[in-house]
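The values are calculated or read from the model by the stated rules, or taken from the named source; none is laboratory data. Not measured: the values here are computed from a predicted model. Here the Cβ is made from the backbone with ideal geometry for all residues, glycine too, and neighbour counts use every protein chain on show.
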Amino acid sequence: MRTKALKSAVILVASALVLTACGTAQPAATSSMPTKLGANEKTVSLLGWPGYAEDGSNDPAVDWVSPFEKATGCQVTFKSYGTSDEAISLFKTGDYDVIAASGDATLRLIASGAVQELNTKLIPSYKDVYPFLKGKAWNSADGKVYGVPHGYGANLLMYKKDTVKPAPTSWDVVFDKSSAYKGKVTAYDSPIYIADAAVYLMAHNPELGIKNPYALDEKQLAAAVDLLKAQRANVGEYWSDYLKEIQAFETGDSVVGTTWQVIINSMSAKANVGSVLPSEGATGWSDSWMINSKAKSPNCAYAWLDYIDQPKANAAATEYFGEAPATPAACDFMASKDTCASYHAGDEAYANKIWYWTTPIAKCLDGRTDVQCTDYAAWTSAWQEIKG
Amino acid sequence: MAKKLGARSRPDTGLSSARLVSSYLFPRPKTRLALLLAAPVTWLVLIYIVALVALLVTAFWSVDSFTGEIHMTWSLDNLKQVFTQALYRTVTFRTVGIALLVTVIDLLVALPIAFFMAKIAKARSQRIMVILILMPLWASYLVKAYAWRSVLSHDGILQWLLQPFGLGTPGYGLAGIVITQAYIWLPYVILPIFAGLERVSNTLLEASSDLGAKSLTTIRLVVAPLLLPAIIAASIFSFSLTLGDYITVNIVGGPNQMLGNLVYTNVGAANNLPLASAIALVPVAIMFAYLALVRKTGALENL
Amino acid sequence: MRSDTTPAIQLVGLQKNFGSTVAVDNLDLEIRQGEFFSMLGPSGSGKTTVLRLIAGFETVSAGQVFLDGQDVTKSAPFDRDVNTVFQDYALFPHMNVIENVAYGLRVRGVGKAERLAAANEALATVQLSALATRKPSELSGGQRQRVALARAIVVRPKVLLLDEPLGALDLKLREQMQIELKDLQRKLGITFIFVTHDQEEALTLSDRVAVFNNGRIEQLGTPRQLYEEPASAFVAGFVGTSNIFATTEAKALVGATSAVSIRPERLQLTKTASVDAGAMSLPGRVTEVIYLGAAARVIVSCQGIPITVLYQFEAGPTPERDSEVFVTLRQADLVSLGN
């Protein structure tokens, strides 16, 4: 381990030095925002959630990368990550031109100057994106656009139908009633999962006064931590690698827990799982594609951002992952006509009920000014403590 | 005549550059040594020492939790946090406990196997056994860990095997970590002990018996002291490798974390390299303490 | 020799097979109390195996081993009152000299003070008192040899087994140790069984010698008997140097009816044929002269058969190569080897 830690230490020290040196010297690359595009480079490297850039190698029928490569001549390399924190670490190596990031990562990327301001005039497909997805805290800052929307969705509750009866409608099966499935409960292994507990507390403990699961003061965070510590006793394992969760549900080592639509889609019929958006509401994501402020292939990067919001590609990508598309026209290209309806695509009211991942900061996101909220660092150490 | 023959039989290389270098170096043993050691020493200093120092230094820095930028200002906060917070104490004790358990189990399994290989097995079966023990090392660490994930599963072979006896798989958790780690590091424990036993010549055992010592006395007075350095070397392998593991924990450890996970989380997820460095110093310190302890017992003097 | 007639070691029908190889072949042997007994033979002749069977390191395939009249065939080495000095000394590298020597007493439960006193005494016997606190790795070969001896004798065994103990020493040291060994054996009065492939060593030290070949004893006797009356061509050849004539050669040269041998020092070179009664002279030509210091080894070809003669210089000028000479011998010196 020493060598492992040392190696990463060396690499990270080096990259950290580079980043700090450059980062402070030229804060954000706003001045370098292009006004017109040049010729496409030969390659572009993408970083995203699993299933965000399929080139047919996992399933020959699922491929929206190859048409892009043919049309633009940009050869795509794609790497997937398991948590937003991992995404930030990877993106900061400088190896990636483009990142698809959730709200809990985008703010940090913008703040650290890792991504560049976008000239949306150079992204023709952007004008057709749902207006309620534009100019949000997680893709814009000070009126400047840093990311184009990819799609959005909710974190769902997955359960094995033969074990978890009756079919749950509330998150209580993984919180207050989790002891019924002791050792077989699973949860998402990231500090951001604290927000799931906060969503639950919003519904069940109104006296705590939680208005936004990402704006928790000390007391509210402590309540969420207590809930999660109680849950910890019944957790069989935490997951961040989605393959690990699939396998655990297939073998029955996990029977109930939070999940993504893409995981549900991947489960075999034999696993006999069901899923539900519980009554308390849920956390979720609204993801954005952003360009590295020091992208090696900025032209290909712009081309990708335009491509992924074109109806056909956006339909393929979001339907595969199991989320609502970013652009209304995508619904016409979905393989299943029900998809848009089941994800409530375009339903602004529904979309607003999902608590999209965002980075908790000291200035309370719910507008409170009388208290300091707990920031992501506090959440991180709280999460480590919960796991023990 | 002999002289002539000698002169003729030597290839006539003339003054090739290789020859010039050789004849320059031949009477200069110190230069030879310096050239020989230059590369490895550079490697050692640059990659090893510098990295270790970087680790130590980084532990005193801090990080902006929002942007992930590292601030290079001196502070003892990280170390204070690691040494005072209950979380780190709990995880350290758990990690050391697992590492000790893995080491003890590996030694208990390895000693009879190594003894059989070194002192009982015929040359042929000894070779076969060495190959069998080395074989798992050809497989990737991840493959082995995932194999154990499937073995330990409630749907797995262990459950199927133990069910008739009213038992079941321990599932994912501490027991799973110990079993998997003990399996993965076993070759690293068997081989040094085997090598150590090979060095304990059979005539020493015969001499002891000849002088009136029964088998257990021979093991206690002759085999054990001679084998101690090998056993310690073996235990350093299993102990330190387990101490630093974070992959097996993720795969078969259920919800538990070890020190390695805290380091990994802080580097990979929380992007807090200074805190990760501070945590990484814990296993380093434990290993130093272990080596000091070993040195104090004098077990290394017979090496 | 002691008056006690119970043999120190008695081997009855001893057999040891390693797979299909017969290492010891139906061996019967009695070794007397207080005897310095040597087992001599080339490597692979079975002598070391016999020693290991006596010590108990190997189990017999058949037959019995008696120690002082008691059947110890099935006893473990630690239950046999014999001790071994190993060829590689087998000193415990993690113990110093005194600890090595006291080991046998330690495992017998002798108290610390008592065993250290005994060990010191044993060390004094081998003149190593000064090195008591050294580690074996800090000793020379000869010193290790003495430690091994002291370690074996400190427990006062009935029989001491020595497995080529001097094999690793250089010539000078070996000769010195031979004298000391003999001395030690006289002082202690215990039976020594000495395994060696060095015939000179065996002859120098032993009361009796058994010559081994192919797992059997070719001849058992005093050194003098072996030397002067070898029972077979193998013994004649292995013990000292001999001129050995096969039956046809013996017939042609000296008119004997069986194979014969004669020692080189029993032959003389003369310019003329001897006319003495009981003597005979064989004409031949000198083919090689090897200078040995006090004497020369002269090889004479008689009827095409090479004969080795040990030529003492006082007997006249050195014969030269290609000179014609007579090899003169007394018929009484010819040893018949049977067939």
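Could you tell me how many of the residues in the range A:146-162 are in contact with a Gly (Cβ under 8 Å, 6 or more places away or on another chain) and in a loop (DSSP other than H, G, I, E, B)?
2
Residues that are touching a residue at least 24 places away in the same chain (Cβ under 8 Å) and under 30 Å from B:L197 (Cα atoms): which helices (runs of 4 or more DSSP H) entirely in the range B:10-116 hold 1 or more of them?
B:86-115
Please indicate, with yes or no, whether at least one residue in the range B:166-174 is within 14 Å of chain C (Cβ to nearest Cβ) and surrounded by fewer than 20 Cβ atoms within 10 Å (Cβ to Cβ).
Within the range B:166-174, none of the residues are within 14 Å of chain C (Cβ to nearest Cβ) and surrounded by fewer than 20 Cβ atoms within 10 Å (Cβ to Cβ).
Determine the pairs where a residue that is within 9 Å of A:K79 (Cα to Cα) and at pLDDT 90 or above, located within the range A:39-56, has a partner that is surrounded by 23 or more Cβ atoms within 10 Å (Cβ to Cβ) and among the charged types (D, E, K, R) with Cβ atoms under 6 Å apart, the partner being 6 or more residues away or on another chain.
A:S45/A:D97
In the range A:233-243, what residues are out of contact with any Asp or Glu (no Cβ under 6 Å at 6 or more places or on another chain) and at pLDDT below 90?
A:D241, A:Y242, A:L243
Return yes or no: is B:L158 within 14 Å of chain C (Cβ to nearest Cβ) and part of a helix (DSSP H, G or I)?
When the stated conditions are applied, B:L158 does not pass them.
Quick check on this structure: which one of A:S275, A:S266, A:S254, A:S240 is touching a Ser or Thr at 6+ places or on another chain (Cβ under 9 Å), more than 14 Å from every other protein chain (Cβ to nearest Cβ) and of a type in the set (S, T, Y)?
Just a single option satisfies the conditions, and that option is A:S275.
Quick test for you: out of A:V115, A:V174, pick the one residue that is within 14 Å of chain B (Cβ to nearest Cβ), more than 30 Å from A:A223 (Cα to Cα), surrounded by 22 or more Cβ atoms within 10 Å (Cβ to Cβ) and modelled with pLDDT of 90 or more.
A:V115
Conditions first: (1) in a loop (DSSP other than H, G, I, E, B); (2) out of contact with any Lys or Arg (no Cβ under 7 Å at 6 or more places or on another chain). C:E58 passes all but one, so which condition is the exception?
It is condition (2) that C:E58 fails.
Quick one: would you say B:L211 is of a type outside the set (K, R), touching a strand residue (DSSP E or B) at 6+ places or on another chain (Cβ under 7 Å) and farther than 30 Å from A:P191 by Cα?
yes
Taking the range C:105-147 as the search range and keeping residues that are of a type outside the set (S, T, N, Q) and touching a Pro at 6+ places or on another chain (Cβ under 9 Å), which one is surrounded by the fewest Cβ atoms within 10 Å (Cβ to Cβ)?
C:K135
Report, by residue number, each residue of the range A:260-297 that is modelled with pLDDT of 85 or more and among the hydroxyl-bearing types (S, T, Y).
Hits for the range A:260-297 are A:S268, A:S275, A:S279, A:T283, A:S286, A:S288, A:S293, A:S297.
Please list, ordered by first then second residue, the pairs with beta carbon atoms under 8 Å, 6 or more apart or interchain, first in the range C:10-35 and within 11 Å of C:G63 (Cα to Cα), second surrounded by 14 or more Cβ atoms within 10 Å (Cβ to Cβ) and acidic (D, E).
C:Q10/C:E30; C:L11/C:E30; C:Q15/C:D25; C:K16/C:E58
Considering (1) out of contact with any Cys (no Cβ under 9 Å at 6 or more places or on another chain); (2) free of Cβ contacts under 8 Å to residues at least 40 places away in the same chain; (3) more than 27 Å from A:A111 (Cβ to Cβ), say which one A:A377 fails and leave the rest.
With respect to (1) out of contact with any Cys (no Cβ under 9 Å at 6 or more places or on another chain); (2) free of Cβ contacts under 8 Å to residues at least 40 places away in the same chain; (3) more than 27 Å from A:A111 (Cβ to Cβ), A:A377 is out only on (3).
Hey, A:G135 hits all of (1) closer than 30 Å to A:L365 by Cα; (2) in contact (Cβ under 8 Å) with a residue 60 or more places away in the chain; (3) more than 14 Å from chain B (Cβ to nearest Cβ); (4) small (G, A, S) but one; which does it fall short on?
(2)
Of all the residues that make up the range C:221-239, how many are assigned to a helix (DSSP H, G or I), in contact (Cβ under 8 Å) with a residue 40 or more places away in the chain and touching a strand residue (DSSP E or B) at 6+ places or on another chain (Cβ under 6 Å)?
The qualifying residues number 2.
Yes or no: A:D95 surrounded by fewer than 16 Cβ atoms within 10 Å (Cβ to Cβ) and either among the acidic types (D, E) or under 30 Å from A:W355 (Cβ atoms) (or both)?
So A:D95 fits the description; yes.
Could you identify the single residue in B:L134, B:L142, B:L152 that is touching a residue at least 24 places away in the same chain (Cβ under 8 Å) and closer than 25 Å to B:L228 by Cα?
B:L134
Determine which member of the set C:R224, C:R321 is closer than 30 Å to C:G46 by Cβ and surrounded by fewer than 13 Cβ atoms within 10 Å (Cβ to Cβ).
Criteria check complete, one pass: C:R224.
Look at the range B:183-229 and say how many of its residues are of a type in the set (A, V, I, L, M, F, W, C) and more than 24 Å from C:R106 (Cβ to Cβ).
The number of residues fulfilling the criteria is 9.
Can you tell me which residues in the range A:358-388 are away from chain B (no Cβ under 14 Å) and within 24 Å of A:E280 (Cβ to Cβ)?
A:C364, A:D366, A:G367, A:R368, A:V371
Could you list, in sequence order, all residues of the range C:179-200 that are touching a residue at least 60 places away in the same chain (Cβ under 8 Å) and part of a helix (DSSP H, G or I)?
The answer is C:K182, C:Q185, C:K187, C:Q199.
Inspect the range B:118-141 for any residue being away from chain C (no Cβ under 14 Å), closer than 21 Å to B:I251 by Cα, in a helix (DSSP H, G or I) and hydrophobic (A, V, I, L, M, F, W, C) and give the result as yes or no.
Yes - at least one qualifying residue is present in the range B:118-141.
Yes or no: the range A:189-199 includes at least one residue that is in contact (Cβ under 8 Å) with a residue 60 or more places away in the chain and surrounded by fewer than 16 Cβ atoms within 10 Å (Cβ to Cβ).
no
Of everything in the range B:120-169, what is more than 16 Å from B:W185 (Cα to Cα), of a type in the set (D, E, K, R) and modelled with pLDDT of 90 or more? Give them in sequence order.
Selection gives B:R124, B:R127, B:R149.
If you take just the helices (runs of 4 or more DSSP H) that sit entirely in the range B:195-249, which of them hold at least 1 residues that are more than 24 Å from B:Y290 (Cβ to Cβ) and away from chain A (no Cβ under 14 Å)?
B:202-210, B:215-218
Take residues that are farther than 22 Å from A:G284 by Cα and tell me which of the helices (runs of 4 or more DSSP H) falling wholly in the range A:29-145 contain 3 or more.
Output list reads A:65-72.
Starting from residues that are within 30 Å of A:D85 (Cβ to Cβ) and modelled with pLDDT of 85 or more, keep the ones in the range B:30-53 and report whichever is farthest from the other protein chains (Cβ to nearest Cβ).
Within the range B:30-53, the match that is farthest from the other protein chains (Cβ to nearest Cβ) is B:V53.
Any idea which residue in the range B:252-278 is modelled with the highest pLDDT, counting only those that are part of a loop (DSSP other than H, G, I, E, B) and within 21 Å of the chain's Cα centre (by Cα)?
B:M258
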